[in-house]
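The next block holds one structure in the form of structure tokens; read it before the comments.
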Amino acid sequence: MKTLRLVLPAAALVVFLQIAFVQFAFVPFAVAQTAPTNQEVIAVHGAKIYTVSGPAIDNGVLLIRGGKIEAVGAEGKVAVPRGARVIDVSGKIIIPGIVDTHSHIGIGSRPSVPANADVNEGTGPIQPGLRALDAIYPADPGIRMALAGGITTANIMPGSGNVIGGQTAYVKLRGKTIDEMLIPGTLGGLKMANGENPKHYGRENQAPMTRMEEAALARKEFMKAQEYKRKWDDYNSKAATGDKDAKAPERDLELEPLVQVLEGKRIVQHHTHRADDIMTVLRLAEEFHFRVVIHHGSEAYKVADELAKRHIPVTLTITDSPGGKLEATNIDLRAATILDKAGVKVAVNTDDYINNSRFILREAALTVRGGLSEETALRALTINGAEILDLQNRLGTLEPGKDADFVVLSGSPFSAYTRVLETWIEGAKVFDRSRPDDLRYATGGFQLAGRYPKLASPASGGAQ
């Protein structure tokens, strides 16, 4: 995603910022939560539960202790301990928390004004030392809008204006600080891009101006990283044998994340659209032996067999009205089906702002329209995304031992009439549509609440 800059006359900008301040000044800093105690037991029962790891369970029970799933099964087959907090969601649907594998919420905060434009660093095409976590704003209203869409985990990353854009952050959408949001034990990925977006430096007569230079720049940096790694490997080998004359190389914060990529500790999350650009990514991955995920992949279906034989997953940004850039004009709603049939693991992402996080279920429904089964579309929102981020051991399915991240829906996941009613993260309710403040984020009316307090109020009969 590239950030558009808003240019206003000085007087108009002052007025705009005054309005923005009024609209956003009362946004709560922390996401509202009903946090469980360490050993509190919660039993959510009565819903049809889509575990994703197995068949759907009618009239199911989800048992939670200390933020983890302790048991899941049919009513009468799961023993609910005495004293458990029992929550009745009869007639509803429960799915695992949605994993958004490509988002810019928090780093491209709302409102979209220059003061909040932290997505792309425009001072040079190679920026591996940048960390998304240093720019994520936990009070961004976009985070609460994502919760209203059922998203519980996101891969927040820099934009696609650079060949190497920086380090991404794997976060849960909760907490007052980035430290509370980050998923413990994760490094995040490395954002890279090719095709149209990184070529924008050509307007400043600065490389890259062609696709050839994009690939050349990436190759040069990874060759530097290989040499940097060799020096450190040599030093560590000597130090391990007790060589007191061994001298540590000078640290390079630009090359360290690339070494982590070479060592398989960090996955390359690669923005790319056209089939030929995708093949360029595959050549780089094979040359430097790194793991990669294709993001957007507008023409990935054209090279589905190439992706399948290399076991490279694709996370699609689905739009029903392609436009805005030439390289994305061949988007096809059948893409997920074609990729899945070829054996490619498919996920669905928002690339928020490109697609509003509130509507990720609708976005995935477009893959069903294109022929994907509902079961596979649900996997594309949950376990496939978790696997793409190496988080499958704690996310993506409703199984004992995993984080109690789940979403309560009013109906079938891919129905146009279905609404997200509640979103839970690790046993804490972080979104509840019945709360007026949360409803405003679900309907997009949160900016107007001060002037039109009844607009998004359930009691008013307004937007539901």
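Inside segment 222-233, can you point out the residues that are open to solvent by less than 10 Å² (accessible area, probe 1.4 Å) and not small (Gly, Ala, Ser)? Passing the criteria: only PHE222.
Based on what the data block shows, is ALA12 under 25 Å from LEU147 (Cα atoms) and at pLDDT below 90? Answer is no for this residue. Considering only residues that are acidic (Asp, Glu) and surrounded by 14 or more Cβ atoms within 10 Å (Cβ to Cβ), look in segment 185-221 and name the one that is farthest from ALA275 (Cα to Cα). That would be GLU221. Out of LEU307, LEU316, LEU326, LEU282, I need the residue that is more than 23 Å from the chain's Cα centre (by Cα) and aliphatic (A, V, I, L, M). Which one? Result: LEU326 is the single residue among LEU307, LEU316, LEU326, LEU282 that is more than 23 Å from the chain's Cα centre (by Cα) and aliphatic (A, V, I, L, M).
Restricting SER410, SER373 to residues that are among the small types (Gly, Ala, Ser), at negative phi and without any contact (Cβ under 8 Å) to a residue 24 or more places away in the chain narrows the list to SER373. Pairing residues of segment 214-229 that are modelled with pLDDT under 95 with residues that are open to solvent by less than 30 Å² (accessible area, probe 1.4 Å) and among the polar types (S, T, N, Q), at Cβ distances under 8 Å and at least 6 apart in sequence or on separate chains, gives no pairs at all. As for segment 127-140, it holds no residue that is of a type outside the set (A, V, I, L, M), within 25 Å of LYS402 (Cα to Cα) and outside any loop (DSSP other than H, G, I, E, B). Is there a residue in segment 425-432 that is surrounded by fewer than 16 Cβ atoms within 10 Å (Cβ to Cβ) and touching a residue at least 12 places away in the same chain (Cβ under 8 Å)? Scanning segment 425-432 turns up no residue that is surrounded by fewer than 16 Cβ atoms within 10 Å (Cβ to Cβ) and touching a residue at least 12 places away in the same chain (Cβ under 8 Å).
Quick grid of which residues meet (1) at pLDDT 95 or above; (2) acidic (Asp, Glu); (3) open to solvent by 70 Å² or more (accessible area, probe 1.4 Å):
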| position | (1), (2), (3) |
| --- | --- |
| ASP305 | yes, yes, yes |
| ASP320 | no, yes, yes |
| ILE331 | no, no, no |
| ILE338 | yes, no, no |
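Yes or no: segment 282-300 includes at least one residue that is out of contact with any His (no Cβ under 7 Å at 6 or more places or on another chain), open to solvent by less than 20 Å² (accessible area, probe 1.4 Å), assigned to a helix (DSSP H, G or I) and more than 19 Å from GLU196 (Cα to Cα). Yes, because at least one residue in segment 282-300 is out of contact with any His (no Cβ under 7 Å at 6 or more places or on another chain), open to solvent by less than 20 Å² (accessible area, probe 1.4 Å), assigned to a helix (DSSP H, G or I) and more than 19 Å from GLU196 (Cα to Cα).
In this structure, does THR382 turn out to be closer than 18 Å to SER415 by Cα, open to solvent by less than 10 Å² (accessible area, probe 1.4 Å) and not charged (D, E, K, R)? Spelling it out, THR382 is indeed closer than 18 Å to SER415 by Cα, open to solvent by less than 10 Å² (accessible area, probe 1.4 Å) and not charged (D, E, K, R).
May I ask you to verify whether LYS309 is open to solvent by 50 Å² or more (accessible area, probe 1.4 Å) and either under 20 Å from ASN155 (Cβ atoms) or in contact with a Gly (Cβ under 8 Å, 6 or more places away or on another chain) (or both)? For LYS309, the condition - open to solvent by 50 Å² or more (accessible area, probe 1.4 Å) and either under 20 Å from ASN155 (Cβ atoms) or in contact with a Gly (Cβ under 8 Å, 6 or more places away or on another chain) (or both) - is not met.
Being farther than 30 Å from GLY427 by Cα, surrounded by 16 or more Cβ atoms within 10 Å (Cβ to Cβ), touching a residue at least 40 places away in the same chain (Cβ under 8 Å) and of a type in the set (A, V, I, L, M, F, W, C): is that true of ALA154 here? Judged against the criteria, ALA154 is not a match.
Summed over segment 161-194, the residues that are closer than 25 Å to GLY124 by Cα and in contact with a Pro (Cβ under 7 Å, 6 or more places away or on another chain) give a count of 9. Of the residues making up segment 257-268, those that are part of a helix (DSSP H, G or I) and touching a residue at least 60 places away in the same chain (Cβ under 8 Å) are PRO257, LEU258, GLN260, VAL261. Any residue in segment 396-416 that is open to solvent by 10 Å² or more (accessible area, probe 1.4 Å), touching an Asp or Glu at 6+ places or on another chain (Cβ under 8 Å) and not in a loop (DSSP other than H, G, I, E, B)? No, there is no match, as no residue in segment 396-416 is open to solvent by 10 Å² or more (accessible area, probe 1.4 Å), touching an Asp or Glu at 6+ places or on another chain (Cβ under 8 Å) and not in a loop (DSSP other than H, G, I, E, B). ILE105 passes every criterion in (1) surrounded by 21 or more Cβ atoms within 10 Å (Cβ to Cβ); (2) touching a Lys or Arg at 6+ places or on another chain (Cβ under 9 Å) apart from (2).
The values are calculated or read from the model by the stated rules, or taken from the named source; none is laboratory data. Every value quoted in this text rests on a predicted model; they were computed, and no experiment measured them. Positions of Cβ are backbone-derived with ideal geometry, glycine not excepted, and every protein chain shown enters the neighbour counts. Heavy atoms of the whole protein, side chains included, go into the accessibility calculation; ligands, DNA and RNA do not. Shrake-Rupley method; radii C 1.70, N 1.55, O 1.52, S 1.80 Å.
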